[in-house]
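These notes are about the structure you will find just below.
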Amino acid sequence: MSNLVEENLSTIRQQMKIACQASGRDPQEVQLLLATKTVPLEKLQMAMQAGEVLFGENKAQELRDKFPLMEQYNKVEWHFIGHLQTNKVKDVVKYVTLIHSVDRLKLGQVLHQQLLKENRTMDILVQVNTSYEESKFGIAPEAAVELVEQLSQLETLNIKGLMTIGKLGATNEETRGCFRLLKSIQSQIKQKNIPRVEMDVLSMGMSGDFMVAIEEGATIIRVGTKVFGERYLPDSYYWNENVHLK
């Protein structure tokens, strides 16, 4: 199994280089984040032994369970990449350096209040639902600029960029449209020069579409199954919670 995780990582790194070359980009511009949802510690250790340091978790409970087990390893950095409920904010901010999935003002306000208590700040990305799928979280594309402006008023939040999930089960060209839309929203926000807002990070692309995402400007790709193998829970467990909880 150890060789398989390493081999998978080697293949992905090579594919990342190919996608960067195809789009005239420097491979150093793109970070590989390993999505750890349901992945056992043994496989995470294999990835770390292969030199990986950036991990992303979808569920607060899993993050809380895995963090102390991996804390012993140097340079491991955690991001939160799943839907964040307001009642889980306190749990999540303890462990992560970047939250990819801020998609509503209420969540930003709860984060802000918690961070004020802790006298600290947090890097965040604004999640945009570029595929307009009801099953997905994320702010509507036409409301994204306004949300960024509102969140920028909360001084504990450092807005670093945007995140999206490509259309699930779509063709490469359909998915490409989602990524291009996110890139265009990034450009709109940059032009507005909103104080305290940086727009350098685009988190987009997963196991099935990360090469397309890199071609369209991704700076972080989130890959899980291509490294660790198929999960035993369906995508709906992570992306569609049926009810958009507050």
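Quick one: in the range 1-10, which of the residues that are part of a helix (DSSP H, G or I) and touching a helix residue (DSSP H, G or I) at 6+ places or on another chain (Cβ under 8 Å) is farthest from ASN172 (Cα to Cα)?
Of everything passing the filter in the range 1-10, SER2 is farthest from ASN172 (Cα to Cα).
On the given criteria, is THR130 closer than 24 Å to ALA19 by Cβ, in contact with a strand residue (DSSP E or B) (Cβ under 7 Å, 6 or more places away or on another chain) and polar (S, T, N, Q)? Please lay out each step first, then the result.
Values: closer than 24 Å to ALA19 by Cβ: yes; in contact with a strand residue (DSSP E or B) (Cβ under 7 Å, 6 or more places away or on another chain): no; polar (S, T, N, Q): yes.
In short, no.
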Counting only residues that are farther than 16 Å from LEU147 by Cβ and of a type in the set (Lys, Arg), how many does the range 171-201 have? 3
Among the residues of the range 153-205 satisfying the criterion of being modelled with pLDDT of 95 or more, more than 30 Å from LYS117 (Cβ to Cβ) and aliphatic (A, V, I, L, M), which is most open to solvent (accessible area, probe 1.4 Å)? LEU181
I need a count of the residues in the range 148-176 that are small (Gly, Ala, Ser) and without any contact (Cβ under 8 Å) to a residue 24 or more places away in the chain. 1
How many residues, within the range 19-40, are within 20 Å of the chain's Cα centre (by Cα) and assigned to a helix (DSSP H, G or I)? 5
Would the range 30-37 turn up any residue that is more than 22 Å from LEU115 (Cα to Cα), in contact with a Ser or Thr (Cβ under 7 Å, 6 or more places away or on another chain) and open to solvent by 50 Å² or more (accessible area, probe 1.4 Å)? yes
Lone unmet requirement of (1) open to solvent by 10 Å² or more (accessible area, probe 1.4 Å); (2) touching a Gly at 6+ places or on another chain (Cβ under 9 Å); (3) within 21 Å of LEU34 (Cβ to Cβ) for ASP103: (3)
Mind telling me which of the residues GLN49, GLN45, GLN72 ends up being more than 29 Å from LYS136 (Cα to Cα), open to solvent by less than 70 Å² (accessible area, probe 1.4 Å), of a type outside the set (A, V, I, L, M) and over 16 Å from the mean Cα position of the chain (by Cα)? GLN45
For ALA143, only one of the following conditions fails: (1) touching a residue at least 24 places away in the same chain (Cβ under 8 Å); (2) surrounded by fewer than 18 Cβ atoms within 10 Å (Cβ to Cβ); (3) closer than 16 Å to CYS178 by Cα. What is its number? (1)
Kindly provide the set of residues from the range 52-69 that are farther than 20 Å from ILE12 by Cβ and either among the polar types (S, T, N, Q) or open to solvent by less than 40 Å² (accessible area, probe 1.4 Å) (or both), ordered by number. ALA60, GLN61, GLU62, LEU63, LYS66
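The values are calculated or read from the model by the stated rules, or taken from the named source; none is laboratory data. Quick caveat, the model's predicted, so the values are computed rather than measured. Note that each Cβ is placed from the backbone with ideal geometry, even for glycine, and that neighbours are counted across all protein chains shown. Ligands, DNA and RNA are excluded from the accessible area calculation, which covers all protein heavy atoms including side chains. Shrake-Rupley method; radii C 1.70, N 1.55, O 1.52, S 1.80 Å.
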